[in-house]
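Written out below as structure tokens is the structure these notes cover.
The values are calculated or read from the model by the stated rules, or taken from the named source; none is laboratory data. Note that the structure is a prediction, hence the values are computed from the model and not measured. All Cβ positions, glycine included, derive from the backbone under ideal geometry; neighbour counts span all protein chains shown.
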Amino acid sequence: MENGPAGTLRGALDDLRRLLVGADYPPSPPVGPPGRWRRRWQRIQPFVIPVLVFAVFGLTVAGVQYLTDTRDLAGWLVIGLGIGGSLPAVLAPFRPLLAWRLGYLMLFVGVVDARPADTWPWSPVQVVAFLFVLLLLAGRTTLGVAAWAGLLSVVPAYLFVGTAANAHGVAVLFTAVVLVGDQVRRRRQSQRALAEQAERSELEQARRAVLEERTRIAREMHDVVAHHMSMIAVQAETAPYRLAELSEPARAEFTAIAGSAREALADMRRLLGVLRSESPAAPETAPQPSLADVPELVEAARRAGMAVTVAADPAPVAGRAVPEAVGLAAYRIIQEALANAARHAPGTAVRVAVDAGEQALTIGVWNDPAGAPAGRPPEAVGPAGHGLTGMRERARLLGGRLRAGPTSDQGYAVTAYLPYDGPAEAAG
């Protein structure tokens, strides 16, 4: 990149070339998520073209009337000057460079038949339209191009304005318009950068939440599988002592099974050991919660002040053949749903239902309407909000599905379907 005076001069010439013959700027993209004003703009957008046509007609009539009263020109020339003076204001929102070029040309053409004694050789409509064009151009282009536009726009003022004081006033006015437009452009750029950064941060938080939840699930699943592998090893090792009539080949087979179970358990712990080390402290020794712990979870929520009712007591359900992984996922989903209800709908009634069918476990947590706007999911309310992401991830890894959203009475519901046999059962 060329630096110094030569680089500055080359950059200035590039800006001048862009202003005079460069490609025009496309319409400005929206900044951030749709807000109230943008939604209103979308509603009135079909009426923009008729309004612009009416505006051109009104401005043209006003300009023609002024020129008719102050100039001695033919009718067709008066109409042409009136249209040429107002048309740039209509083109500016869509093609700012073309609008400035046309408006700048009209600054020279618009002085036709102006009296030498006139201190202001242009019609007021043409001046206002050109200021509008200059403002929109400065708000869309770079400061260098806007500075050239303001500098060149001052030239007709010193050529045609009757007094030097008025010419100086025009120069100050054009400079102020360029500076205001440049500040508007800088503000829009800052808003766009903030919106992009917020979007990237939101995506990164969502990815981090998924990774954290997968880590937690893997850690808990490891504990569940490790329990079964340990039981296999223990049963295989103690079988020769519990069953005295076993033959030597059977004893050797049980010994091989026990050795394979211990090797598989050691390999699993080595592979997933990093997932169990969130802190260098002692490893977790508490047993993982299951479906049988749901009543205790509900009772803890009641002690915290929540009005929780259980549609079907999950205690007898735990006695059925519900896999430990499914019971653990159900407990975590109910736990997160109760936490979201307490955080985002405090003081409302909450209902919990657990139904253990023949092929899958179905759970549901409903809360009554709260003060927050309806239809806004709990995870979108707070800055940390990735509870639903974790719940969906748990259900998906088990081959199930989870639904969360507002209810017809403006409350909120979380329902999950967790098959016993994994993804194959969920597909059916």
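For the list (1) closer than 20 Å to Leu211 by Cα; (2) at pLDDT below 75; (3) crowded, with 18+ Cβ neighbours inside 10 Å, I need the number of the one condition that Gly382 fails.
Going through the list (1) closer than 20 Å to Leu211 by Cα; (2) at pLDDT below 75; (3) crowded, with 18+ Cβ neighbours inside 10 Å, Gly382 breaks only (3).
Suppose we filter region 71-100 for residues that are in contact (Cβ under 8 Å) with a residue 40 or more places away in the chain and surrounded by fewer than 15 Cβ atoms within 10 Å (Cβ to Cβ); how many remain?
Residues in region 71-100 being in contact (Cβ under 8 Å) with a residue 40 or more places away in the chain and surrounded by fewer than 15 Cβ atoms within 10 Å (Cβ to Cβ): 2 in total.
Restricting the first residue to region 233-250 and requiring it to be farther than 24 Å from Ala264 by Cα, which pairs with a second residue that is surrounded by 10 or more Cβ atoms within 10 Å (Cβ to Cβ) meet a Cβ separation below 6 Å and a spacing of at least six or different chains?
Leu246/Pro240
Among the residues of region 324-362, write down those that are of a type outside the set (A, V, I, L, M), buried (at least 18 other Cβ atoms within 10 Å of the Cβ) and either modelled with pLDDT of 85 or more or in contact with a strand residue (DSSP E or B) (Cβ under 7 Å, 6 or more places away or on another chain) (or both). Give the steps one after another, and end with the answer.
Within region 324-362, the first condition is being of a type outside the set (A, V, I, L, M), and the residues that meet it are 324, 327, 331-332, 335-336, 340, 343-344, 346-348, 351, 355, 357-359, 362.
Retained after the next criterion (residues that are buried (at least 18 other Cβ atoms within 10 Å of the Cβ)): 327, 331-332, 335-336, 340, 344, 348.
Listed by number, the residues that qualify are Gly327, Tyr331, Arg332, Gln335, Glu336, Thr348.
When the residues of region 185-217 are filtered to those that are surrounded by 15 or more Cβ atoms within 10 Å (Cβ to Cβ) and closer than 30 Å to Gly144 by Cβ, which remaining residue is modelled with the lowest pLDDT? Working first, answer last.
First, pick out the residues of region 185-217 that are surrounded by 15 or more Cβ atoms within 10 Å (Cβ to Cβ): 185, 188, 192, 205, 209-210, 212-217.
Okay, now just the ones that are also closer than 30 Å to Gly144 by Cβ, so 185, 188, 192.
Values: Arg185: 85, Arg188: 83, Arg192: 80.
Once the filter is applied, the top-ranked residue is Arg192.
Looking at region 64-97 only, could you name the residues that are of a type outside the set (Ser, Thr, Tyr) and more than 30 Å from Tyr25 (Cα to Cα)?
If we filter region 64-97 for residues that are of a type outside the set (Ser, Thr, Tyr), which is where we start, we get 64-65, 67, 69, 71-85, 87-97.
Scanning region 64-97 gives Val64, Gln65, Leu67, Asp69, Arg71, Asp72, Leu73, Ala74, Gly75, Trp76, Leu77, Val78.
Can you tell me which residue is nearest to the chain's Cα centre (by Cα) among those in region 167-184 that are over 25 Å from Pro93 (Cβ atoms) and either surrounded by 13 or more Cβ atoms within 10 Å (Cβ to Cβ) or small (Gly, Ala, Ser) (or both)? Lay out the reasoning, then the answer.
Initial filter on region 167-184 (over 25 Å from Pro93 (Cβ atoms)): 167-169, 171-172.
Okay, now just the ones that are also either surrounded by 13 or more Cβ atoms within 10 Å (Cβ to Cβ) or small (Gly, Ala, Ser) (or both), so 167-169, 171.
Working: Ala167: 49, His168: 48, Gly169: 46, Ala171: 43 Å.
Among residues in region 167-184 that are over 25 Å from Pro93 (Cβ atoms) and either surrounded by 13 or more Cβ atoms within 10 Å (Cβ to Cβ) or small (Gly, Ala, Ser) (or both), the one nearest to the chain's Cα centre (by Cα) is Ala171.
Just checking, how many residues over region 223-260 are at pLDDT 80 or above and closer than 18 Å to Glu324 by Cβ?
0
Output the residues belonging to region 157-184 that are of a type outside the set (S, T, N, Q) and at pLDDT 85 or above. Write out each step before concluding.
Going through region 157-184, the residues of a type outside the set (S, T, N, Q) turn out to be 157-162, 164-165, 167-174, 176-182, 184.
Correct list: Val172, Leu173, Phe174, Ala176, Val177, Val178, Leu179, Val180, Gly181, Asp182, Val184.
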